Amino acid sequence: MGRIRRNIEVNGKNYWTLFDSGARNTYVTNGVTKQLPVFDMPEPTDVSLGGKEHFIAKFCNLVGKIVKDDNVIGVLENYSFFTHARVLDNIGKDEEGKFIEILFGVLAMQEWGIKLDVPGEKLDMTHYSKEFVEF
């Protein structure tokens, strides 16, 4: 299990994001969804996250990009993505006490070819999916 923290851009604004290979799904706080399409869950569910129980009644289409810097391994300047995310009031704080606004889960990381270089504290985008081939 690995975790990398960094900002990602959604609608021109940066959000503090935890890329967590121990989390299956992707979650966002209400603040992130202000300019995103939000929908009712077909059936609301409970989830245990960060040692707390959360009631999930909404989800959104999360569209954004990862901007290349010294902590991103890859050749492109920007890495666009889209995925669905469950909406929470509060995800919690990271190890440094900073509020997490997006928790990027392993299913979205697999879909977009995002790998975590935990020792280097970097996102490895060398397997980023630009094309999808279905069999």
For Lys68, counting only aspartates and glutamates whose alpha-carbon sits under 15 Å away and dropping same-chain residues fewer than eight positions off, the answer is Glu9, Glu77, Asp117, Glu121, Asp124
Please work out how much length the chain gains when fully extended from Asn78 to Asp124, using 0.36 nm per residue of separation minus the C-alpha to C-alpha distance, in nm with one decimal.
15.3 nm
Gain in length, Lys13 to Asp94, computed as 0.36 nm per residue apart minus the alpha-carbon separation, to one decimal in nm?
27.2 nm
Over the chain, the sum of -39500 (n - 2.57) across DSSP H runs of at least four, divided by residue number and rounded to 500 deg cm²/dmol, gives at 222 nm -1500 deg cm²/dmol
How big is Rg to Rh over the chain, alpha-carbon atoms, Rh as the Kirkwood inverse-mean-distance radius?
0.95
Ranked by Cβ crowding within 10 angstrom, fewest neighbours first, how are Val133, Val75 ordered?
Val133, Val75
For Lys58, give me every one of the lysines with a C-alpha distance below 26 angstrom, ignoring sequence neighbours fewer than eight places off in its own chain.
Lys13, Lys34, Lys93, Lys98
Let me check against my output: what whole-number percent is the relative contact order of the range 3-124, with C-alpha pairs under 8 Å and at least 6 apart?
35 percent
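Since every read-out is calculated from the coordinates, none of them should be taken as a lab result. None of these values were measured; they are calculated from a predicted model. Backbone-built Cβ (ideal geometry, glycine too); neighbour counts: all protein chains shown.
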